[in-house]
Amino acid sequence: MATRKRNKSIEMERAPASSTGFEAEETTSTTQSDSSAEAPSREELIRREAYAIYERRGFATGDETADWVEAEREVDRRLGSPG
């Protein structure tokens, strides 16, 4: 039982600072972009655009798929990709 308690405390130390985990994701994105001189991938651009759409909607839940599809269209339009 003592081992279980110790392991649980270690897990809590590794948990992200926020319950949303956005800070941890942001750190990963920053690290990836810092280590590479390349432009963000299409998927990363879509992720950012979908979040911007979600933000414009006032962070209301329930339309995640629609946000993603709209973001794909917008990113493809900007990139000049057919779709």
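The table below gives the values:
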| quantity | calculated |
| --- | --- |
| Selection from segment 37-63 of residues that are within 22 Å of residue 81 (Cα to Cα) and of a type in the set (Val, Ile, Thr) | 46, 53 |
| Tally, over segment 34-68, of residues that are under 16 Å from residue 78 (Cβ atoms) and among the charged types (D, E, K, R) | 6 |
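Read-outs: derived from the displayed coordinates by stated rules, not from any lab. Note that the structure is predicted; figures quoted are calculated from it, not measured. Heads up, the Cβs are rebuilt from the backbone with ideal geometry, glycines too, and the neighbour counts pull from every protein chain shown.
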